[in-house]
Every structure is written in C-alpha cells, then in structure tokens.
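The values are calculated or read from the model by the stated rules, or taken from the named source; none is laboratory data. Everything quoted here is computed from the prediction, not taken from an experiment. All Cβ positions, even for glycine, are placed from backbone atoms using ideal geometry, and neighbour counts span all protein chains on display. The accessibility values were calculated without ligands, DNA or RNA, using every heavy atom of the protein model including side chains. Shrake-Rupley method; radii C 1.70, N 1.55, O 1.52, S 1.80 Å.
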Amino acid sequence: MTAATGRDPRYDVLFEPVRLGPVTTRNRFYQVPHCNGMGYRDPSAVARLRGIKAEGGWGVVCTEQAEIHHTSEITPFIELRIWDEADLPALARTTAAIHEHGALAGIELAYNGMNGPNLMSREVPLGPSHLPIATFTADPVQARAMDKTDIANLRRWHRNAALRARDVGFDIIYVYAAHGFSIFQHFLSRRANTRSDEYGGSLKNRVRLLREVIEDTVEAVGATSAVAVRLAVDEMIGPAGIHKAEAEEVIGLLADLPDLWDLTLSGWENDSRTSRFAGEGAEEAFVTGLKQLTSKPVVGVGRFTSPDAMVRQVTKGVLDLIGCARPSIADPFLPNKIAEGRLDDIRECIGCNMCVSGDMTMSPIRCTQNPTMGEEWRRGWHPERIAPKANDARVLVVGAGPAGLEAARALGLRGHDVTLAEATRDLGGRVHREARLPGLAAWGRVRDYRVGQIDKLANIAVFRESRLTADDVLGFGVSHVVLATGSHWRRDGVARFHLEPMAFSEGVEILTPDDLMAGRLPMGEAVTLYDDDHYYMGSVLAERLVAAGKRVTFVTPASEVANWTQATLEQGHIQRRLLELGVEIITARAVSGAGGGEVETICTYTARPRRHAADALLLVTARLPDDALYHALMAAHADWPTAGITNITRIGDALAPATIAAAVYAGHRFARELGTEPVIDTPPFLREVAALAD
C-alpha cells in the first residue's frame, strides 16, 4: 500500500495528472457530461451536485449539454443554457463549486439542429438537409436545410458561447458531435446530410463544419481553456450510419486539432446501455486503436466500477482518461475511495438507468444505489456524511429488503442501536430474488453494498429467519419501529387497465412473478404473459420462460413492450431481444378472461374480443403491500406506551410498491429524518422560483 494514502500501488496510474492543452487534470478520473433533469430550472441543485463530484476526487467534472442559442432548444427536456449573459450567473455557480475542490470544470456546448424541435422558442429548426426533427416524441416539425449564412451564424454563435463559457471559468469547452443530438454529427452523417455543396458528399466535405468550429473554438479560447471534441464513433447500424472505420477517418482528418477526444457510441440508448444488455467496458471494442490516431488524450466510457478494469484501459493504451457518468452518480466519491484503499465502500453502479429516467421525465435525477443523488442541495444530503443521532432511541427495522437495509445502514451510521429482523434466511428482499433473473445479476450490488456496510457496524444486530408477530414487536422494548415488509404481486389482474379483479375459469394455470422467482414454472408449454406493469419485469420473465422451453405470447395494453423503459433507454433493446427469442408480441390488447385452455383478450380501443390457446397465464400487473403486521400493530395501539413504542412507520413497498430506487430512498429518508420535526404543510426541500421580469 502507498503509505500516505492506503492506496494499492497497482492503481497509482489512475492518479497521474494528464495535460489537456493549457490545463492539467489532477488524475485520470473524468466525469463526462451527463444530464440530470434539472438544468436551467434548478441551477443551485446542479452546482451542488457537480461540486460534490469534485469533492469526491474526480479530476474533471463536466456539465450536461448546454444549449448555445435560442434557435436550437430541446423543450420539454431541461438542460443548461448559455444563450446570453443572463445564463452566466448560474453557470458561474457551477464552476465555483467544482473549482472549490480542485477539479477542472468542463462544459458541453450543444447546438441540437434537427434534434431540437424549438417548442419554446418557436424558431424554425436548422439542419444540414430538409428532414423531420429526430426527437424521442416524433414532433410534427421539420428542420430546414441551412444555407451559407446559417452556417456562418452557427459558427459565430458557437464562438460566442465558447467565450462566455471561458469567462465564467470553464477549463474544458466541448465541440459536441455525438449521440445524434448535435448539428455537427448531423453534418457528418451521410443519412442526414444529403447536401451537394462543399459541406456534403465526401467525408472530407461532411467533416468541414466540424473542422471549422473546432478551429474557431481553439482560436477563441484555446489559450486558457482546453477544447474537447465529443465524437460518435459508431451508430451500431452498420455501414449505413457512422461506424468505426469512418470514425477513424474523421479522427485522422482532425487528429491534433482539439486538446481532447471524448469517444462515444450513438445514440444515447447505445452509449448508456443497461447492465441487461452490456457489461462493464463494453465500448472497448469500438474505441480500441483510435487513441493511436492522435497525439492528444482520449477519454471514453464503459460503466467502469472496477479499478482493475480502469487500469487496464490505460495500460493497454485504449484510453488516457477514465470517463464515467453513471458510476459517478452511484458513488461521487469513487476516486477518493480508490485512493484511500476503501474499495469495499464503493457503491457500484448497477446499470439500471434510473438516473437517465430523471432527464427523460424532466424531473430531478435519482439513483438506485445513491439515495442522496439530486438531493445534495434540495435536502442538504451529502453522500458520505450524515448527522449524528439526535437522541438515544433504539430502532427495530422489520424486513431486510432494499428499504430496510438502507434504513438500518443509515441509522447505524447515525449512531442508533438498530435491530434488523428478516423473515427469511436471505437478506435483500426483492433485490435478492430479482437479481437471479436473466440480465439482472448486477442488481445484487444494492444488497451486497448495504450488507457489507452493516457488517462493519457493531451497533446493528441482524436476525435472519425471524418472522415477527405484533406481540414480538411489542416485546422488543424499542422506541421506533420501521416496517419494511415489502409487497407481493397480485393474482387478480388489477393494474392500470383493470381496476377491478378479473374472474378466471378452470383450465388455465394462473401465476405471478412471485411464483417464477420462487422457482415455480408453468406446467404447460404455451404461456400467455400479460404485462400491465410496463417496466422490466414482464420482459425479464419472458426471457426466463423461453429459457425454460416455454412458448410465450406477450400481451400488453400498451402500444409496445415495456413502454416505461423508454425512460431508461431500454425499450428498443428489450423488444428486439424478445422478437429474436421468438416471443409473439400482441400490443394494444388486454386480457379479459381465461379458462378452458384459452385466454381471451380485448382491443384497448374497440373492446373487440379474441381468444388464443394457452396452458398458463402469467400476470405481471400491480402489487399489494405486505402490511398485515402493520395493521395488527395499529390494532394494538393502546399497548404502545407500555411497550415504549413512540411510533411505527411503514416505508418502501410496504407503504406503496414502487421501484427499488424509491425503496432505497425511503429507507434513507427515514434514517435522516428520525429525531427531526416532520414538515407537512410546506415543501420539505429547497426550490428555486423564477424571478419576475420588470
């Protein structure tokens, strides 16, 4: 170990400084630009979020994309803006927060072109050619082909934005040509760029605008700020799109113009694939060899959480800087923990993309592993610090699922004596069960991190195989009882489409996800899976059934499979996988009955019925809280004073079933707020309200 830090010498290479043009980063940990659902609406929250990353040891901390001009904005999405001087105070707050902890601040300047519908500004979008706007919501808007005056204006707008960025303290200023979100990628694309002038046709012509803007940016700010280019190296659609061989040519043409190359896949759903569809370091094959085409440093991503994997990227000559977005969200202090030899304390990203859903739903970022993400300013939550206990109250936590484990861990850190009672032998609750399903193994990290941290705390006593009754709880002699008893899947079909229980006849086996997770498979071969949950569970269980040799028909009232996973960038990957597995997909229909070896469905628009053969029906619908213990304790309320109980609180799925991220957050919030006065009539968090214009 390195004596001064406790760091394993194998990881010393990660802490070497790297020169980026006129600036130098203190280490190789690079938080690449990532969105957060807050942008220009919540500037103080954004600044605090980035500042904590810098405090956690990241050498470079970047913003999300920042719109450079009102003629290209992506309403309803909420990103940063650097349109004019009015945007600079908010951005200055971010650079100050990053610089306070010794990191370099980077900004990703963005002109979205044919990805910007301009719903707020109502300006006509600009693109290389006359084509429809390419957005997530298929807005009925077209971009007009830019003429030479438009190109000159764009170059001036970008230069002005770069100067503004420099003036508020950004050390690294991006020219953005990635993810399908940038005008410069649109000009590079032979699909989007059908021009016949000097900006279209050959690759040399298609790269012309990118070259000009890089040169403009270097000329404007290159003496004080590094100029980075974020480049899409593969759209993963073959030769019809940008692909690695073409990216090699682009880098060859521009090799040493920028100070840094940031290499990504395109679109965003490929660059940020979930752990179901890509493992750690999955982008290595796409970027290997590109570093050799330039003398300038290269950064890339791969959902890196292992320091050994990071070191390999550097020693193999693949990357100079370890780019991270999601791992820096799951653990903003990841670099410091490696530096201090505390690898067991790293909250490893599980690759669920709950963080992405914040941006996609225009709501503050959240993280399954890190419940403080997005709450650093709003609630004053720090990912590594928590206030000591306000009193000596002892706490009983019933249920060791994600909510119970997090509540126990955080309460233990505060100094409370905690008893954690789990009814089964295994800790983790739903996480333990779901992590054994196809593609979800990484989700076990939610359990493993918390169990590992609890094991280090002597003031937490864990009891397995301890199913408690109300009398047991009353006999514990604790002040506070936390019920994190989870939930179970419904067997009656109630969810979004059916709000009342369905009646099923004999002749079709009825199952729920709980049955499959307990190891029970349908007896027959033909299984109809009815998904009115619309998240990951239905598609994961379809994979499980196919692997068991079942013939699966996937029925959903939605227009596509797992439609909420648009928010986690998975929907296309999920539907493609099911089709490749031979799953029959029936959309816009709801199961209306089952019996006699058949399942009946109705059209969600016309209610016209249809029947098909099925041996079993798997219902992936709604869930019900496991709250029998809560109601038994409420019935014994008169006995609380004698038992010394002050309050009994339900958290997580035991209160209202939701995501694993919501359960972890609920456990953490309870622990943070124990001993404080509840805030009911006003928001329990800070918010910024727009100032009225004169």
Amide hydrogen neighbours beyond the local backbone of ASP262, cut-off 5 Å, H modeled: VAL229, ARG230, LEU231, VAL299
Just subtract the alpha-carbon distance of VAL13 and VAL124 from 0.36 nm times their residue separation and send over the number in nm, one decimal. 35.1 nm
Would you compute, for the Cα atoms of the chain, the largest minus smallest coordinate along each principal axis and list the three values in descending order, in whole Å? 77, 65, 59
Rounded Å value of the spacing that divides the Cα centres of region 92-152 and region 483-511: 46
Relative frequency of Cα-Cα separations exceeding 16 Å in region 285-388, percent: 63
Work through the residues other than VAL481 whose Cβ is under 14 Å from its Cβ and net out their charges, Lys, Arg +1 and Asp, Glu -1. -3
May I ask you to list the GluC sites (Glu not before Pro) in region 169-223 that are in a DSSP loop and have at most 15 other Cβ atoms within 10 Å of their Cβ? GLU198
Please list, in order along region 373-386, the HN-Hα scalar couplings obtained from phi with the Karplus expression 6.51 cos²θ - 1.76 cosθ + 1.60 (θ = phi - 60°), rounded to whole Hz, x for Gly and Pro. 4, x, 10, 4, 8, 4, 10, x, 8, 9, x, 10, 10, 9
Does region 392-484 come out rounded, prolate or oblate by the C-alpha gyration tensor, with a ≥ b ≥ c the root eigenvalues, rounded set by a/c under 1.5 and, if not, prolate when a/b is larger than b/c and oblate if not? oblate
Stokes-Einstein D for region 178-326 (20 °C, 1.002 mPa s, Kirkwood Rh from Cα pairs), in µm²/s, comes to 135
Under Karplus coefficients 6.51, -1.76 and 1.60, residue-wise ³J(HN,Hα) of region 333-345 in Hz, glycine/proline x: 9, 3, x, 5, 5, 5, 4, 8, x, 10, 5, 5, 8
Whole-Å distance linking the alpha carbon centroid of region 168-233 with that of region 562-592 is 36
Once the Cα atoms of region 76-231 are picked out, what are the Rg and Dmax in Å? 15.9, 50
Of LYS204/LYS244; LYS53/LYS389; LYS244/LYS316; LYS337/LYS456; LYS389/LYS456; LYS204/LYS316, pairs whose Cα-Cα distance is over 22 Å: LYS53/LYS389; LYS204/LYS316
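Out of region 297-364, which trypsin sites (Lys or Arg not before Pro) are coil in DSSP terms and have no more than 15 other C-beta atoms within 10 Å?
Passing both the DSSP loop test and the Cβ count: LYS316, ARG342.
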Using only protein heavy atoms and a 1.4 Å probe, report how much of GLU248 is accessible, in Å² to the nearest 10. 70
Computed from the beta carbon distance with a Förster radius of 41 Å, FRET efficiency for PHE463 and ALA613 to the nearest 0.05 stands at 0.25
Starting from the Cα-Cα distance between ALA518 and HIS101, subtract it from 0.36 nm times their residue separation and give me the gain in nm to one decimal. 145.3 nm
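For the chain, what does -39500 (n - 2.57) per DSSP helix run (n ≥ 4), summed and divided by total residues, give at 222 nm, in deg cm²/dmol to the nearest 500?
Result for the chain: -8000 deg cm²/dmol, rounded to the nearest 500.
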Ranking LEU188, LEU655 from most to least accessible area with a 1.4 Å probe gives LEU655, LEU188
Using the Karplus curve 6.51 cos²θ - 1.76 cosθ + 1.60 with θ = phi - 60°, work out ³J(HN,Hα) for each residue of region 458-471 in order, rounded to whole Hz, and write x for Gly and Pro. 6, 8, 10, 9, 10, 10, 8, 6, 10, 7, 9, 9, 4, 5
Decide, for region 410-568, between rounded, prolate and oblate: order the square roots of the alpha carbon gyration tensor eigenvalues as a ≥ b ≥ c, take rounded if a/c falls under 1.5, and otherwise choose prolate if a/b is larger than b/c, else oblate. prolate
Of every Cα-Cα pair in region 214-257, the percent that sits beyond 15 Å: 51
Name the residues whose placed amide hydrogens come within less than 5 Å of the amide hydrogen of VAL462, ignoring near sequence neighbours (fewer than 5 apart) on the same chain. LEU420
Qualifying GluC sites (Glu not before Pro) for region 413-468 [loop in DSSP, other Cβ within 10 Å: at most 15]: GLU465
With labels modelled as points extended 7 Å from the Cα through the Cβ direction, what inter-label distance (nm, one decimal) is found for ALA636 paired with SER505? 4.7
Accessible surface of ARG7 in the full protein assembly, 1.4 angstrom probe, to the nearest 10 Å²? 40
Please compute the modelled spin-label separation between THR424 and ALA138, points set 7 Å along Cα→Cβ, answer in nm with one decimal. 4.1
Can you give the direction-averaged projected area of the convex hull of the alpha-carbon atoms in region 606-678, in nm²? 9.6
Dipole of the chain [Lys/Arg +1, Asp/Glu -1 at C-beta], most positive-end residue of LEU655, VAL561, VAL299: VAL299
